[in-house]
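Here's the structure we're looking at; comments come further down.
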Amino acid sequence: MRNKLAYIYILGVILAASCSQLDVERPDNAISFTPVAAKATKAIISGATYPTSESFAVSAYHNGTAAYFEGLQATYSSSLALWATAISQYWPLAGSLTFIAASPWDAPGVSITSSGVSATGYTIQNAAQMTTDLCYASATVADCSNHPESVNLTFSHALAQVVFRVKAAGYYNTGSKTVSLSMTSLSLSGVLSAGDFASETWSDQNTPYNYSLSSSTTALTYDGSNNPVTADVCSFLFIPQEIPSNARINVGYSVVQTVSGTPYTLENAPVAIPLTRAVTEWQPGKKYIYTLNIGLNNLISISVSVAGWQDENANIIVEES
């Protein structure tokens, strides 16, 4: 009986080892992660270092389609000084591996398949959603038996960043009177707030929504040469879209003229400007900078410039022990 039990025990060990073939064959070949020149993903992008407080979701597919591992969270390990999954994953002995990643890790409604990152009905309607950057990346190692020391993952932005700035249209103060200009509120109306994302493109944009962007007063100032100073009002992320013809920028403003020490409020009413006056489309990964000029005549005019958004980068490395 003792011999029979010993045989069963040995057989169990062999079976367990066969179920953990990757661990047994190459236990020192764990896949780990280290973002090298990435940017923060739970806020509108700034800086050039992926913060250790952040994490991203990553999946791998063997020979392009077979799930090798899926939807794992890569978090920072202070002891290893790198990003790693809770359960170590290992390189296969042969074939290719395609890595697909999404950032942030907990982006609502986002899924990863062998076809890429996708989201159905991705919605932006509150402050948290408007400041959460949705990014995606993919990379393929063609020959895992001769894998590189690191595999580059370049994150791209799926959303559009929209920045609003404000300044006085000119200098209006004279020796006998002074003019005080302020922006008192800023909002968008008729902007689409939902859409489907797949294959690096957006479709089915829908749900017109009214966004309240700023309700605090921004006083317009001048420099030492009496040139208007441009002030940043806000910066948010939106669903990329062809801007609807009825979309508006709604600007509240205040103009106070002081003559001989007595202030007179000349204007204090909102103005609605067609959003399509400047551009007709917001594209993924682009930053649109709107500058609102507030003055006494033609009180508000608008200009816009477009700046490319620098892609995020992250490395996947093999930690050889």
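Here, each number is a calculation from the coordinates, and none is a lab measurement. Fair warning: this is a prediction, and the values are worked out from it, not measured in the lab. Don't worry about glycine lacking a Cβ; one is built from the backbone with ideal geometry, like all the others, and counts go over all protein chains shown.
Descriptive notes on the structure:
- Relative to the globular-protein estimate of 2.2 N^0.38 Å, the Cα radius of gyration of segment 160-308 stands at 1.18.
- Where labels lie 7 Å past Cα in the beta-carbon direction, separation of residue 156 and residue 281 in nm: 1.5
- Segment 180-268 - charge dipole about Cα centre, Lys and Arg +1 at Cβ, Asp and Glu -1, debye rounded to 20: 340
- Computed label-point distance, nm, for sites residue 173 and residue 221 using a 7 Å Cα→Cβ extension: 1.2
- Taking 0.36 nm per residue of sequence separation and removing the Cα-Cα distance, the residue 126/residue 231 pair yields an extension gain of 35.5 nm.
- Given R0 = 45 Å, the distance between the Cβ atoms of residue 271 and residue 75 translates into a calculated FRET efficiency of 0.40.
- Charge dipole magnitude, Cβ of K and R +1, D and E -1 - segment 160-308, Cα centre, debye nearest 20: 440
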